[in-house]
Amino acid sequence: MSKTVIIGGGVNGASIAYNLAKLGESVTLIERGYITDGATGKCGGGIRTQFTTEETCRIALESSKLFDSLAEELACDIELRKGGYLILAHSDKELEEFKENVRMQNSIGVPSRILTVKEIEAFGVEPYDAVGASFCKMDGVANPFKVSFGYRDRAKELGADIRTHEEVRKISYNGGFEILTDKNNYGADFVVNAAGYESKKIADMLGVSLPIEPYKHEIFATEAMDHFLDPMLMSFSKNFYISQTVRGELVGGYSPLEAEPTEDLTPTLSFAIRAKKLFEEHLPQIKSLRLLRQWAGAYDMTPDALPILGPAGYERFIQANGFSGHGFMLSPFVGRAIASMITGSERYRDLVSSFSFERFKRGVKREKGVVG
Ligand SMILES: Cc1cc2nc3c(=O)[nH]c(=O)nc-3n(C[C@H](O)[C@H](O)[C@H](O)COP(=O)(O)OP(=O)(O)OC[C@H]3O[C@@H](n4cnc5c(N)ncnc54)[C@H](O)[C@@H]3O)c2cc1C
């Protein structure tokens with residue numbers, strides 16, 4: 001049995017810890033703050049399979065299926081609601097691209113389809129400037145806190161050592177890894193870097209340079225109203241998404257199309273004003289609703305907007321980062337795939353091969369289905 005140290009207690013670190021513990025591995029997870037302290041606790045909870053690259057669609061599909069039985073597996077209510085994702089097309093050109101995407105998605109088993117303006121209206125959504133949409137009924141939302149805490153609790157029961165409020169300060173390699181925190185010293189055969197946008201800083205400790213940059217994204221929650229919105233409503237070209245929670249609140253995010261990398265995650269008033277106005281164009285039902293709170297988090301963006309899964313620099317220095325705004329929806333798959341990689345199984349090898357660190361040398365097609 002090998003010993004693994006996971007750095008980062010977001011949904012991916014927690015999922016990997018659970019999946020390793022389930023396979024009987026020795027695992028320690030180290031989180032600087034609390035579980036969900038990073039992007040996971042700021043996330044919109046969306047789960048979708050409608051992407052523009054086949055590689056991403058394949059792992060998103062695998063992950064979406066795992067979400068269906070996750071509540072049972074983790075023995076907790078994860079507030080999973082599969083009302084679909086409705087992605088608006090605002091021009092004929094965009095709609096043509098969506099038709100291409102849908103053809104590719106259908107060819108690998110994603111049951112997406114194109115909607116007319118009339119069909120958009122049937123979802124209680126005002127088309128406004130939309131000329132059509134793509135929709136997939138197997139998409140939806142779940143609660144990122146409940147999913148993460150479920151993984152943490154089951155991992156603990158299976159013997160994982162979960163350390164919170166402890167910061168990794170230094171890592172060295174001399175045949176095995178030595179991890180130095182502000183409180184302890186750990187030895188490990190494998191290190192998993194699941195530190196979100198700060199994964200770059202973790203890799204720097206071992207002299208490995210990851211192409212990850214932090215991009216700020218803002219999001220709000222309104223007061224609750226009677227349920228009227230089943231799908232997650234999204235727009236790539238207007239850069240927004242909004243859904244209604246099981247409690248009736250509307251949770252929506254919007255980002256300016258032009259942005260620079262930053263670690264300053266201060267929420268802004270201009271976001272709240274702009275976003276509310278944008279959503280009201282498509283959801284007039286929310287006009288009288290008040291915003292209750294707003295916050296911001298960071299996407300860990302890679303140059304092609306695809307995650308990094310697998311070794312970098314050292315055979316046993318495993319990356320689970322660079323999620324570029326889709327890390328929550330991929331987490332059930334990521335936990336299984338990384339645990340499988342560490343235990344030497346070939347099961348997910350083909351699916352993860354497109355996401356290797358090595359790809360940056362050859363370059364791959366950019367994932368364009370990103371709100372960010
Ligand atoms: C506003 C917003 C909305 C989003 N909406 C969605 C969505 O609808 N669907 C979706 O799939 N994704 C969404 N995302 C993206 C998603 O939140 C992330 O991709 C995902 O949560 C990443 O999880 P993670 O476990 O990889 O990283 P994180 O949750 O960022 O966890 C990394 C952890 O590492 C810890 N850490 C960092 N450095 C150290 C250190 N030195 N020592 C110890 N610990 C350390 C941090 O404290 C942090 O808790 C959204 C993100 C944002 C910001």
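The values are calculated or read from the model by the stated rules, or taken from the named source; none is laboratory data. Owing to the predicted nature of the structure, the values given are computational and were not obtained by experimental measurement. Every residue, glycine as well, gets a Cβ built from its backbone with ideal geometry; the counts of neighbours run over all protein chains shown.
Pairs please, first residue from segment 14-32 and within 26 Å of residue 170 (Cβ to Cβ) and touching a residue at least 24 places away in the same chain (Cβ under 8 Å), second anywhere and within 12 Å of the ligand (Cβ to nearest atom) and among the basic types (Lys, Arg), Cβ atoms under 9 Å, 6+ apart in sequence or on different chains.
14/152; 17/152; 28/163; 29/152; 29/163; 30/163; 31/163
For residue 89, are the conditions met, namely being closer than 21 Å to residue 127 by Cα and either of a type in the set (Gly, Ala, Ser) or modelled with pLDDT of 95 or more (or both)?
yes
Where in segment 148-209 are there strands (runs of 3 or more DSSP E), lying wholly inside it, with at least 1 residues that are under 20 Å from residue 34 (Cβ atoms) and more than 27 Å from the chain's Cα centre (by Cα)?
Correct list: 185-188.
For residue 197, work out the one condition from (1) within 10 Å of the ligand (Cβ to nearest atom); (2) more than 30 Å from residue 293 (Cα to Cα) it doesn't fulfil.
Going through (1) within 10 Å of the ligand (Cβ to nearest atom); (2) more than 30 Å from residue 293 (Cα to Cα) one by one, residue 197 breaks only (2).
Which number in (1) closer than 24 Å to residue 359 by Cα; (2) touching a Leu at 6+ places or on another chain (Cβ under 7 Å) marks the one condition that residue 250 misses?
Condition (1) is where residue 250 drops out.
Tell me which of these residue 345 doesn't satisfy, since it passes every other one: (1) more than 30 Å from residue 226 (Cα to Cα); (2) within 11 Å of the ligand (Cβ to nearest atom); (3) part of a loop (DSSP other than H, G, I, E, B).
Here residue 345 clears every test but (2).
Of the residues 255, 243, 270, 235, only one is in the same structural domain as residue 293 (by TED's automatic domain parsing), within 13 Å of the ligand (Cβ to nearest atom) and over 16 Å from residue 140 (Cβ atoms); which?
Sole residue among the options that is in the same structural domain as residue 293 (by TED's automatic domain parsing), within 13 Å of the ligand (Cβ to nearest atom) and over 16 Å from residue 140 (Cβ atoms): 255.
Please go through segment 251-267 and give me each residue that is at pLDDT 95 or above and assigned to a strand (DSSP E or B), ordered by number.
Scanning segment 251-267 gives 251, 252, 253.
Of all residues in segment 1-48, which are within 13 Å of the ligand (Cβ to nearest atom) and acidic (Asp, Glu)?
31, 37
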